[in-house]
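Structure record follows, encoded as structure tokens.
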Amino acid sequence: MSKLLEEREFRASFQKQICAEYPFPLVIIKANMLGEDKRSLIQTIVVCEGYFALKKLNLKNILTTYTLEGLIFYISIDLPIEQLKRICVDIEENHPLGRLMDIDVMTVHFQISRRDLNLDSRSCFLCDEVAYVCVREQTHSISDIETYIIDTFKKYLRTNINHKRWQRLIQTALIGELIKPLGYGCVTLGDQGSHKDMDALLFIDSARIVSEEISKAHPFSENFDQLREVGKIAEKRMFEMTRGVNTHKGAIFLLLLVMAGLQHPDPVSHISFLSEDILSDFEGDDGSHGMRLYKEHGITGIRGLAKEGFSDLFTRTYPYYRSHSIDETFLWLIGENPDTTLMYRGGQSLYNECREKAKQIENVDDRIEFDRWMKIQGLSPGGSADMLSAILLIDCYWWIMEETNDEPTHKNRYRRYLGIE
Amino acid sequence: MMNRPTKTGIAGTLESNDCQVTVEPTNDDSLVIQIESVVKARFGKQIEMAVMDTCKQLELVGATVFVDDKGALDFTIKARVETAVKRSL
Ligand SMILES: [Zn+2]
């Protein structure tokens, strides 16, 4: 039996267990994707959007799993099952990513279908036929289906409403970072890394709020103080939501500036211009890790990088990412990118050891060993994970702004949105 | 070698693009196949053929094979039948 079929069976009994434990209808959010390994950026964003669309309801319990089937949500909701199914069908039909979602509603004894509500079966997304029929007849080529999925995702990001566009881009960047196969101490979709107080769900919730807040700063790309004001509010809302856990503080600062930079023809010089006076921050003392390191070691950290317009990010790291996997890019960042979070937690000698180890990695075994070592040391390269988000923001933004729709480049360059290599 | 179920064997799920297969022992050597499917009108015969082929390959006798299909492809149906049969032996 294939691994995927096995996982599905296992999940069916897992779902029954949840239903037995929580006496409410259970909503399961998956994505309609191809292949034996469905984990990918698009798959992840699709199911998270399904979850966000349900968030205003009375959610009693939320679980996630991350397997070959990709990210899946299991949400117990206190509503009559028919009403809940109608809401879910509406999301599947009308959300911009809804056609890519697969939302089931069940109780311990019963899985409700569209037919039970006298609704039509789902239609195929490429023609008017019933979806079941096209699947069975294999009417459409894999390449046509993939193109549809990628185009749908691109349209979703590209929405004409500016605020929404930035919100979706930033949310994609913050959540997309979590698909890295190994966290090396950071939280991933499948692993809490070195953290006891955070997991994937907390990051996903935080990404929603943070992206909603900082996208409000898109018209202020000329004004550093206004960007900072928005950043402070975003930070406050993040801490309220996480009850004091720092999920995205560094990312807020970084992505605000990258967003501002991307709106200019030369992002590096624009960010550098915006951050001209940033080192004057060090005249005060906000008590942050970065501040402590500056006072004690003269390390300028993320502020120093901003003053250079994140030139390394745009001219070295991003090009590196274009020809390497997300895992390779993350390791490169850990080895190359000054990470004050890591430095603060580990101290100088452990920090250096960690960077050396990251640079020497050659094969899968080295990676797994390094991941284990980082967790034992309690280290977490959060600054590098933030950089990964920035890379995704740059990549997605330039992708949706591209004028050409040249088929092969489109395919090769963005295949990675459908797989994690 | 003939395969004869001794107990109920179930495999698969009732989600879209999957099927649930239940194999039960009968009192004689017969083989009964029952199909329920969301695409029965169009593909009932094909699905039955796929199930029959698999049962023959497994040399299954003395069994009722019930397939509740939610739009699975043939290779999924075959895999689920195989597993359900194994679990019934
Ligand atoms: Zn079709």
### Query
Using beta carbons and a limit of 8 Å, which pairs, at least six apart or on different chains, have the first residue in the stretch B:35-60 and within 23 Å of A:D120 (Cα to Cα) and the second one in a helix (DSSP H, G or I) and open to solvent by 40 Å² or more (accessible area, probe 1.4 Å)?
B:I35/B:E48; B:V38/A:Y132; B:V39/A:Y132; B:I47/B:K40; B:I47/B:D74
### Message
Can you tell me how many residues within the stretch A:108-154 are under 30 Å from A:I77 (Cα atoms) and open to solvent by 40 Å² or more (accessible area, probe 1.4 Å)?
### Response
16
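Just to confirm my filter: which helices (runs of 4 or more DSSP H) fall fully inside the stretch A:233-339 and include at least 1 residues that are outside the structural domain of A:D395 (by TED's automatic domain parsing) and surrounded by fewer than 15 Cβ atoms within 10 Å (Cβ to Cβ)?
Details: elements: A:249-262, A:267-274, A:289-297, A:301-307, A:318-322, A:326-336.
Correct list: empty, since no element meets the threshold.
Where in chain B are there strands (runs of 3 or more DSSP E), lying wholly inside it, with at least 1 residues that are touching a Gly at 6+ places or on another chain (Cβ under 7 Å)? Can you show your working first?
Working: elements: B:9-12, B:19-25, B:31-37, B:63-69.
Output list reads B:19-25, B:31-37.
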### Query
Tally time: how many residues in the stretch A:35-59 are among the hydrophobic types (A, V, I, L, M, F, W, C) and farther than 23 Å from A:L84 by Cα?
2
### Task
Write out, first by first residue and then by second, each pair whose Cβ atoms fall under 8 Å of each other, whose residues are 6+ apart or on separate chains, and whose first residue, in the stretch A:360-388, is touching a residue at least 24 places away in the same chain (Cβ under 8 Å) and farther than 23 Å from A:N246 by Cα while the second is part of a helix (DSSP H, G or I) and among the aromatic types (F, W, Y).
A:I361/A:F370
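For the stretch A:11-30, give me each residue that is more than 12 Å from every other protein chain (Cβ to nearest Cβ) and within 30 Å of A:I150 (Cβ to Cβ). Quick ask: steps written out before the conclusion?
First, the residues of the stretch A:11-30 that are more than 12 Å from every other protein chain (Cβ to nearest Cβ): A:17-27, A:29.
Within the stretch A:11-30, A:V27, A:I29 qualify.
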### Task
Among what's in the stretch A:88-112 and is within 12 Å of chain B (Cβ to nearest Cβ) and free of Cβ contacts under 8 Å to residues at least 24 places away in the same chain, pick the residue that is nearest to the chain's Cα centre (by Cα).
A:Q111
### Query
Quick check: is even one residue across the stretch B:4-18 under 11 Å from the mean Cα position of the chain (by Cα), farther than 27 Å from A:K30 by Cβ and open to solvent by 30 Å² or more (accessible area, probe 1.4 Å)?
no
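Being within 13 Å of chain B (Cβ to nearest Cβ), under 29 Å from B:E82 (Cβ atoms) and touching a residue at least 40 places away in the same chain (Cβ under 8 Å): is that true of A:E36 here? Show your work before the answer.
On the way: within 13 Å of chain B (Cβ to nearest Cβ): yes; under 29 Å from B:E82 (Cβ atoms): yes; touching a residue at least 40 places away in the same chain (Cβ under 8 Å): no.
It is false that A:E36 is within 13 Å of chain B (Cβ to nearest Cβ), under 29 Å from B:E82 (Cβ atoms) and touching a residue at least 40 places away in the same chain (Cβ under 8 Å).
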### Query
Among B:A79, B:A63, which is open to solvent by less than 50 Å² (accessible area, probe 1.4 Å) and within 18 Å of A:S2 (Cβ to Cβ)?
B:A79
### Test: residue in the stretch A:390-401 that is closer than 20 Å to A:T188 by Cα, under 24 Å from the mean Cα position of the chain (by Cα) and open to solvent by 70 Å² or more (accessible area, probe 1.4 Å)
no
### Query
Yes or no: B:E48 within 30 Å of A:A131 (Cα to Cα) and facing chain A (nearest Cβ under 9 Å)?
no
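Tell me, which helices (runs of 4 or more DSSP H) wholly within the stretch A:70-176 include 2 or more residues that are away from the ligand (no atom under 16 Å from the Cβ)?
Numbers: elements: A:81-94, A:131-137, A:142-157, A:162-176.
Here the list reads A:81-94, A:142-157, A:162-176.
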### Task
Scan the stretch B:66-75 residue by residue and report those that are within 11 Å of chain A (Cβ to nearest Cβ) and either open to solvent by less than 10 Å² (accessible area, probe 1.4 Å) or without any contact (Cβ under 8 Å) to a residue 24 or more places away in the chain (or both).
B:D69, B:G71, B:A72, B:F75
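The values are calculated or read from the model by the stated rules, or taken from the named source; none is laboratory data. Just so we're clear, the structure is a prediction, and the values are computed from it rather than from any experiment. Using ideal geometry, Cβ is built from the backbone for each residue, glycine included, and neighbour counts are taken over all protein chains shown. Please note that ligands, DNA and RNA were not included when accessible areas were found on the heavy atoms of the full protein model with its side chains. Shrake-Rupley method; radii C 1.70, N 1.55, O 1.52, S 1.80 Å.
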